[in-house]
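So the structure is just underneath, and the comments pick up after that.
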Amino acid sequence: MNGSVAWLVTAVGCLIGAGGVVIAVVALRRSRSRPPEATPTDPLRDHDADVLRGDPRRLRPGDIVEIRQVSYLVRGTIRLVEGGWSWVEHLLDDAQGVRRWLSVEEDPELELVLWTAETGATVTPGAPTIDFAGRRYSWKESGQARFTATGTTGLDPTGSMRYHDYQATGGARLSFEAYGEAGWEVARGELLHRTEVMIYPQAGENRSGEH
């Protein structure tokens, strides 16, 4: 009788131990198969505008973008990263060969700026304020970022850049950028309203998997 009881206790203990292993394995599999937490999104993001006018965050070389009723081809894209901050600049080309830049940044709201290069400018950055083309610009920020270039930009695929950004009343911008060992490039920027920009992605491209 005592031997039977001992055998029964041992058998029950083995079953409990095996059950614990099964539970642990199932829990581990469930934890590994659990989908990752969703990336935080801006609750004020205008998804309707993205659907109707295209999402500027997904613009890339080969796309067509219409700005203030002028159509441009996206020739190339520069993605810049500084610490935990990132933004994108797109080189645009219209039918007459006029080249401009469109910067896309979330700060935290979406900010679109159309830039025109000032190739003959002789001003240099560093001063608290700069007078240029009839406006007075005040220093906003400066720094150094790493970049990755795709498409046609005239730059190496990767590298570093320095910048100084200035801003005038009304939202006008003045930017100084130096890529690699090159000198300063000067550009004036105009802040765009979301409704002034319409995007036409490449025909036949499937972007359902993009973020």
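If you average 1/r across every pair of different Cα atoms in segment 77-211 and take the reciprocal, what Kirkwood value do you get, in Å?
Result for segment 77-211, one decimal place: 16.2 Å.
With the other protein chains left in place, how much accessible area per residue, in square angstrom, belongs to segment 108-151 at a 1.4 angstrom probe?
Per residue, segment 108-151 has an accessible area of 62 Å².
Which percent of the accessible area of segment 50-131 is formed by carbon and sulfur heavy atoms (probe 1.4 angstrom)?
Of the solvent-accessible surface of segment 50-131, carbon and sulfur hold 51 percent.
State, to one decimal in nm², a quarter of the convex hull surface area for the C-alpha atoms of segment 110-171, i.e. the direction-averaged projected area.
5.7
The values are calculated or read from the model by the stated rules, or taken from the named source; none is laboratory data. Keep in mind that what you see is a predicted model, and the values were worked out from it rather than measured. For accessibility, only protein heavy atoms count, side chains too; no ligands or nucleic acids. Shrake-Rupley method; radii C 1.70, N 1.55, O 1.52, S 1.80 Å.
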